[in-house]
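The values are calculated or read from the model by the stated rules, or taken from the named source; none is laboratory data. Remember, it's a predicted structure, so these values are computed and weren't measured experimentally. Here the Cβ positions follow ideal geometry from the backbone for every residue, glycine too, while neighbour counts run over all protein chains shown. Note: accessible area is taken over every heavy atom of the protein model, side chains too, but ligands, DNA and RNA are not part of it. Shrake-Rupley method; radii C 1.70, N 1.55, O 1.52, S 1.80 Å.
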2 protein chains.
Amino acid sequence: MIEGWITQLRKGLLEYCVLLVLRRGESYGYEIVQALKRIEDLAVSESTVYPILGRLRAEGFLKSRDVPSDAGPPRRYFALTPRGKVRLAEMNAYWPMLTKALNELKSGKPEREPQT
Amino acid sequence: MIEGWITQLRKGLLEYCVLLVLRRGESYGYEIVQALKRIEDLAVSESTVYPILGRLRAEGFLKSRDVPSDAGPPRRYFALTPRGKVRLAEMNAYWPMLTKALNELKSGKPEREPQT
DNA sequence: ATCATGTATTACGCAATGCATAATACCGGG
DNA sequence: CCCGGTATTATGCATTGCGTAATACATGAT
């Protein structure tokens, strides 16, 4: 029931999460998925993360390089571009505004200035 | 540029905001829009809120009654149903999990338990 | 050899939602 | 009579999360 709502809530947020993971340095899709699966209540699947990586690269926020692996097919490493870092900074700036707005709604909603 | 991302971020969240507004008692679309416009960085338009109200009612989370107005067309007042209150409670329970997950990502991401 | 398993990526397609745009209805004032 | 503020409805687009499935490579079991 509520899963449908959660699915909607994640829109945009997962993009943010991916950039946060890459903030520390380059990584590849499969590893990013594992990292996000480790976070409780944030379980993601490959079919969610890979499209995000592709889009972020297409928009110039990520660059990639292919590295052969000894335990499977070649890995595609992604890393933040300068534009990507700017984007992440913007997200880091906007997110608190949202949580603040939510908190304003939760903690009373005075129609007019409460007097005294 | 970043507006597109914000649009995605709002998915699901605005539904939550509407229920939060109605938590205090019944209200009608236009008034809800005004209430949300009052919150900084949460500006919404009528074309966003009205479909949400329709959906929430169709799903049984809201009930409505029409009241004639002396300053325009009749108002459609919405109020939470028991199911709506349960839903809101579920959302109130889930939201902190999301913010917690985000904070875990932001504040370090230890691959293994940090020793010491 | 064959099959399953873990690693790693790609493609297809559906269901939802936010939102721009526009139309409509009602009232009062210039 | 037209304009602005109140109040709702309809249409249609773009984007995203995600289920499902296919594919490639290596190792180990049957």
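When we screen A:Ala101, A:Ala43, A:Ala79 for residues that are away from every other protein chain (no Cβ under 11 Å) and not aromatic (Phe, Trp, Tyr), the only hit is A:Ala79. Residues that are open to solvent by 20 Å² or more (accessible area, probe 1.4 Å) number at least 2 in the following helices (runs of 4 or more DSSP H) confined to the stretch A:1-59: A:2-9, A:29-38, A:46-58. Contact annotation: residue pairs with Cβ atoms under 8 Å, 6 or more positions apart or on different chains, pairing a residue in the stretch B:18-35 that is more than 10 Å from chain A (Cβ to nearest Cβ) and farther than 17 Å from B:Lys85 by Cα with a partner that is part of a helix (DSSP H, G or I) and among the hydrophobic types (A, V, I, L, M, F, W, C), are B:Gly29/B:Val49; B:Gly29/B:Leu53; B:Ile32/B:Val18; B:Ile32/B:Val21; B:Ile32/B:Leu22; B:Ile32/B:Val49; B:Ile32/B:Leu53; B:Val33/B:Val49. Of all residues in the stretch B:1-15, those being modelled with pLDDT of 95 or more and near DNA strand C (Cβ under 8 Å from one of its atoms) number 9. Among the residues making up the stretch A:67-90, those that are near DNA strand C (Cβ under 8 Å from one of its atoms) and either open to solvent by 60 Å² or more (accessible area, probe 1.4 Å) or modelled with pLDDT under 95 (or both) are A:Ser69, A:Ala71, A:Gly72, A:Pro73, A:Pro74, A:Arg75, A:Arg76. Six or more apart or on different chains, Cβ atoms under 6 Å: show the pairs whose first residue is in the stretch A:87-109 and of a type in the set (D, E, K, R) and whose second is part of a helix (DSSP H, G or I). Filtered contacts from the stretch A:87-109: A:Glu90/B:Ile2.
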